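Let me begin by presenting the structure, written as structure tokens, before commenting on it.
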Amino acid sequence: MKYNFDELTNRKNTGSMKWDVTDGEIPLWVADMDFETAPCVKEAIQKRAAHGIFGYSIVPDQWAKAYVSWWKNRHNFELSADWLIFCTGIVPAISTCVRKLTTPAEKVLIQTPCYNIFFNSIVNNGRVPVESPLAFDGTHYSIDFERLEKDLSDPQVSLMILCNPQNPTGNIWTSGELAKIGELCKKYGVTVISDEIHCDIVKPGESYIPFASVNQTCAEISVSCIAPTKCFNIAGINSAAVVVPDSLLRHKVWRALNTDEVAEPNAFAMDATIAAFTEGEDWLNQLNEYLYENRKFAEEFIKKEIPQLQVIYGKATYLLWVKLGKTADGKEINGDEFAQALRAKTGLFVNGGCEYGKSGDNFVRINLACQRSVLEEALGRLKKFSF
């Protein structure tokens with residue numbers, strides 16, 4: 001491997017949210033990688049920093065061209081540069097769209113278990129979250145279209161937030177599944193926000209399908225949120241893009257993002273994004289290979305050494321969704337209680353599943369984006385833990 005993902009970088013005392021923990025703890029919670037970003041991105045940021053002046057920044061044509069080229073070559077989707085709007089992040093974009101595209105007390109549908117911050121974007125803006133649970137057969141997740149249509153048919157549901165690929169289950173939705181979602185949302189007058197931030201973290205040989213690429217219907221009713229920040233580990237740079245093919249919807253979103261003052265880049269956002277999408281593909285390919293090996297190692301370790309836990313197989317993200325099973329008296333183990341006790345007793349910090357919706361109560365989420373030596377130590381602590 002050209003890049004050394006086994007190399008440890010000390011993140012303590014660097015203002016890291018993930019690593020703001022007690023000495024000796026292993027934080028495998030928030031979706032933040034412990035690998036340094038691609039060399040091309042570091043070089044671009046260092047070059048920009050060397051200039052020494054960090055005034056107001058514009059969005060140059062090269063920014064849109066980098067997105068267009070990446071999505072065409074890597075995801076077989078030809079974006080138009082006109083569809084792209086800069087935003088400081090995907091969560092700000094989602095929150096802005098919730099405010100602009102719905103009215104107070106209207107309902108926003110999410111498929112649970114799902115990224116917990118979706119709840120914040122809905123509730124904090126005075127809207128009502130509607131949990132439309134994914135179907136779970138005991139081993140994998142799928143879309144319960146009968147339940148989804150029932151929930152979408154509620155006249156108060158005017159917006160759906162789609163997670164594509166899915167966090168935390170790791171599902172990559174098929175073209176047929178996405179088309180059906182688009183068809184149902186069109187039928188009931190529901191706009192779709194598609195959070196696609198995890199799209200480039202996939203099992204080698206796999207590829208996600210952009211929601212807006214599926215057909216004209218999906219393109220017309222959707223706002224897609226994309227970024228280099230997750231896959232290149234530059235979330236602190238605050239750089240994302242919103243893709244809106246429909247001109248009327250795009251104008252609404254553009255006005256909303258500018259009204260909320262989240263459409264202006266910081267001094268490093270453009271250079272980092274352009275470098276990532278024009279020079280970072282080889283690094284990302286090798287990163288995905290390393291992450292996949294981490295996933296296989298964790299799956300095999302848990303199956304062999306901790307058989308009372310069940311790993312849910314996923315093709316995307318670097319997040320492991322783990323079912324906890326039951327207590328000796330037959331009650332399902334609560335994910336949040338398990339995670340809290342695990343941290344208190346072993347120092348291993350993972351996410352309890354309860355925050356991802358009611359259907360996540362019996363699960364935990366583990367971040368695999370760390371050096372193998374760290375993962376081995378973490379899984380060893382998990383094995384020794386008795387709940």
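Rounded to the nearest whole Hz, the Karplus-based 3J(HN,Hα) values (6.51 cos²θ - 1.76 cosθ + 1.60, θ = phi - 60°) of segment 202-213 follow the sequence 9, 4, x, x, 9, 8, 7, 10, x, 4, 5, 7, with x at glycine and proline. Surface analysis of segment 245-337 yields an accessible area of 48 Å² per residue, using protein heavy atoms and a 1.4 Å probe. Sorted largest first, the principal axis extents computed over the alpha-carbon atoms of segment 52-188 equal 53, 36, 28 Å. The lysine pair count for segment 296-338, using Cα distances under 19 Å and pairs eight or more places apart or on different chains, is 10.
Run the helix sum for the chain: -39,500 (n - 2.57) per DSSP H stretch of 4+ residues, divided by residue count, reported at 222 nm to the nearest 500 deg cm²/dmol. About -12000 deg cm²/dmol. Derived scalar couplings between HN and Hα for segment 247-264 equal 5, 5, 5, 4, 4, 4, 5, 4, 4, 5, 4, 6, 5, 7, 6, 10, 10, 10 Hz in order, rounded to whole Hz, by the Karplus curve 6.51 cos²θ - 1.76 cosθ + 1.60 (θ = phi - 60°), x for Gly and Pro. Taking only the alpha carbons of segment 261-352, we obtain Rg and Dmax values of 19.1, 57 Å in that order. If only the Cβ of Lys and Arg carry +1 and only the Cβ of Asp and Glu carry -1, the dipole of segment 229-387 around its Cα centre is close to 700 debye. Partner lysines whose Cα lies under 21 Å from the Cα of LYS47, excluding those fewer than 8 positions away in the same chain, are identified as LYS65. Residues in segment 118-135 carry Karplus couplings, in order, of 4, 4, 4, 4, 7, 5, 5, 9, x, 10, 10, x, 10, 7, 10, x, 5, 6 Hz; the curve used is 6.51 cos²θ - 1.76 cosθ + 1.60 with θ = phi - 60°, and Gly or Pro positions show x. Residues whose amide H lies under 5 Å from that of SER194, counting only those 5 or more places away or on a different chain, are LEU162, VAL223, SER224, CYS225; hydrogens are built 1.01 Å from N in the peptide plane. Built from the Cα atoms of segment 348-387, the convex hull projects on average onto 3.2 nm², one quarter of its surface area. Using only Cα coordinates, the Kirkwood hydrodynamic radius of segment 66-128 works out to 13.6 Å.
Per residue, the convex hull around the alpha carbon atoms of segment 42-96 comes to 131 Å³. Spatially, segment 158-187 and segment 272-351 are offset by 23 Å when compared through their Cα centroids.
Cα centroids of segment 135-157 and segment 216-232: 21 Å apart. Within the accessible area of the chain, what % is carbon and sulfur when the probe is 1.4 Å and the other protein chains stay in place? About 49 percent, which is the carbon plus sulfur part of the accessible surface.
Using 0.36 nm per residue and subtracting the Cα-Cα separation, the extra length available between ALA328 and HIS51 on full extension is 93.4 nm. Charging the Cβ of each Asp and Glu at -1 and of each Lys and Arg at +1, and nothing else, the dipole of the chain about its Cα centre rounds to 280 debye. Amide H to amide H, with H built 1.01 Å from N, VAL130 comes under 5 Å of VAL108, LEU109, ILE110, counting only residues 5 or more places away or on other chains. For the chain, report the % of Cα-Cα distances exceeding 26 Å. More than 26 Å apart: 52 percent of the Cα pairs in the chain. Near VAL157, the amide H atoms lying under 5 Å from its own belong to LYS107; only residues 5 or more places off or on other chains count, and H is placed 1.01 Å from N. Can you pull the accessible area of ARG295 for me, 1.4 Å probe, Å² to the nearest 10? The accessible area of ARG295 comes to roughly 10 Å². Evaluate the Debye formula for segment 18-111 with equal point scatterers sitting on the alpha carbons, no solvent, and hand back log10 of I(q)/I(0) at q = 0.24, 0.25 Å⁻¹, in q order, two decimals. For the requested q values the scattering log ratios are -1.24, -1.25.
In segment 138-209, the convex hull through the Cα atoms has an average projected area of 5.3 nm², a quarter of its surface area.
Over all pairs of different C-alpha atoms, segment 303-387 has a mean inverse distance whose reciprocal, the Kirkwood radius, equals 13.1 Å.
Rounded to the nearest 20, the Cβ-based charge dipole of segment 346-387 about its Cα centre (Lys and Arg +1, Asp and Glu -1) stands at 100 debye.
Taking all Cα-Cα distances within segment 214-373, those exceeding 27 Å account for 47%.
The values are calculated or read from the model by the stated rules, or taken from the named source; none is laboratory data. Just so it is clear, the model here is predicted, and its values are computed rather than measured. With ideal geometry, Cβ positions are generated from the backbone for all residues, glycine too; neighbour counts draw on all protein chains shown. These accessible areas exclude ligands, DNA and RNA; they are computed on the full protein's heavy atoms, side chains included. Shrake-Rupley method; radii C 1.70, N 1.55, O 1.52, S 1.80 Å.
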